[in-house]
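Colleague: Right, I'll just put the structure down here and ask away after.
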Amino acid sequence: MRRTSKRAPGGMTVRLLALARVQVEALRWVGEGFPRVVEVQLIDADGQVHLLVDKEPVFSPGDIKVPGTLELDCSIVSAAGDRVTITLDHHVTSEDVLAAFVVSRRFVTFES
């Protein structure tokens, strides 16, 4: 695995193991402006739902289908068994301002 580091939201520096994509669900459009703003949910390894809201181009370079599944860019911080700790790319955080999440490996696509 390629190792590197990046500065996470809040100024914390994290050591990364690899780049990846994490599966989330697009729930609804928020407002009517341009660019469009979408709310998505990420479900962590403990089943807790985290809501993320941002502009469509931050989540995807193409059109997002709502409702629908999409994959967000993320970085792997650690992996142990079925649990993978990720940070979301593009400074995306949850509504609770969480920047790192522990998710089930089945929702992560590792880039080669």
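Colleague: Contour minus end-to-end for residue 111 and residue 82, with contour as 0.36 nm per residue of separation and end-to-end as the Cα-Cα distance?
Modeller: 8.7 nm
Colleague: When the chain is fully extended, how far beyond the present Cα-Cα distance does residue 25 get from residue 102, taking 0.36 nm per residue of separation?
Modeller: Contour length minus the Cα-Cα distance gives 26.1 nm.
Colleague: All other residues with a Cβ under 15 Å from the Cβ of residue 103 taken together, and with Lys, Arg as +1 and Asp, Glu as -1, what is their net charge?
Modeller: Working: positive: 21, 83, 105, 106; negative: 25, 44, 46, 71, 73, 82, 89.
Net of charged neighbours comes to -3.
Colleague: Next question. Tell me, how many Å apart are the Cα centres for segment 46-112 and for segment 22-36?
Modeller: Measuring centre to centre over Cα atoms gives 14 Å.
Just so you know, all these numbers are worked out from the coordinates, no wet-lab data involved. Since we're looking at a predicted model, the values are computed, not measured. Glycine gets a Cβ as well: all are built from the backbone with ideal geometry, and neighbour counts include every protein chain shown.
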